[in-house]
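**Student:** Supplied in structure tokens, the structure appears directly below.
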Amino acid sequence: MSVTAWFVAFLLLTVVLLASAVVTGLRAARRAHISIVASAVVAMGLTIYFAERLGETLDIEAAGWVTPVHLWIAKITTVAYLLPIASGVRALRGAAHRRTHRNLAFFVLGLTALTAVTGVAMVWLSDPAV
């Protein structure tokens, strides 16, 4: 498979796993939720790996201002995933932390969507590398 195909496959897998994490989280299916979140983190790591490999085949600077914006948001989003992970551990210890965990998880999912949109724009506006 090509780098592009691997990237798209892992991106789609990540989206499915994140949606499944939301469903299992809202249903308080903790064991499944934790397994799915761990799988989503691995899939996201592979998505990032293949995104970087895909970037090697493109002149991403041709996308103009979208490139630095996407990279900035992507880095913030990656670090922000520590928030729902940490709050999830706290939520396991007491119901008082569940609302905070849910809010942080949805916040990071919003950042993830923004990262995906700017990433697609960056790829769309890029030229093939010479």
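The values are calculated or read from the model by the stated rules, or taken from the named source; none is laboratory data. These figures come from a predicted structure and were not determined experimentally. Ideal geometry is used to build each Cβ from the backbone, glycine not excepted, and the neighbour counts take in all protein chains shown. For the accessible areas, the whole protein counts, side chains as well, though only heavy atoms, and no ligand, DNA or RNA atoms are used. Shrake-Rupley method; radii C 1.70, N 1.55, O 1.52, S 1.80 Å.
**Student:** Hey, can you grab everything whose amide H is under 5 Å from the amide H of Asp59? Only 5+ residues off in sequence or another chain; H modelled, so Pro and N-termini drop out.
**Tutor:** Amide H neighbours of Asp59, under 5 Å, 5+ apart: Asp127, Ala129.
**Student:** Continuing with the same structure: So what is the relative contact order of the stretch 13-57, in percent, for Cα pairs below 8 Å that sit 6 or more residues apart?
**Tutor:** 43 percent
**Student:** What number comes out for accessible area per residue over the stretch 33-130 if the probe is 1.4 Å? Units Å², please.
**Tutor:** Accessible area per residue: 64 Å².
**Student:** Note down the accessible area of Asp59, probe 1.4 Å, to the nearest 10 Å².
**Tutor:** About 70 Å², rounded to the nearest 10.
**Student:** Return the equivalent ellipsoid semi-axes of the stretch 46-123 as a descending list in whole Å, where each equals the square root of 5 times an eigenvalue of the C-alpha gyration tensor.
**Tutor:** Whole-Å semi-axes of the equivalent ellipsoid: 32, 12, 8.
**Student:** Could you check the spin-label model distance between Arg31 and Trp72? Points 7 Å from the Cα along Cα→Cβ, value in nm.
**Tutor:** 4.6 nm
**Student:** If I stretch the segment between Val79 and Met1 completely, what's the gain in nm (0.36 nm per residue apart, minus their alpha carbon distance), one decimal?
**Tutor:** 25.1 nm
**Student:** Only Lys, Arg, Asp and Glu count, each charged at its Cβ (+1, +1, -1, -1), so figure out the dipole size of the chain about its Cα centre, rounded to 20 debye.
**Tutor:** The calculation lands at about 1180 debye.
**Student:** With all protein chains present and a 1.4 Å probe, how do Arg53, Arg93, Arg98 order by accessible area, largest first?
**Tutor:** Arg93, Arg98, Arg53
**Student:** Charges on Cβ only, +1 for Lys and Arg, -1 for Asp and Glu, centred on the Cα centroid of the chain; of Ala116, Val69, Met1, which one is farthest towards the dipole's positive end?
**Tutor:** Farthest towards the positive pole: Ala116.
**Student:** What FRET efficiency would be calculated for the residue pair Ala121, Glu52, taking the C-beta separation as r and a Förster radius of 22 Å, to the nearest 0.05?
**Tutor:** 0.80
**Student:** Carbon-plus-sulfur fraction of the accessible area of the chain, 1.4 Å probe, in percent?
**Tutor:** Percent of accessible area from carbon and sulfur atoms in the chain: 72.
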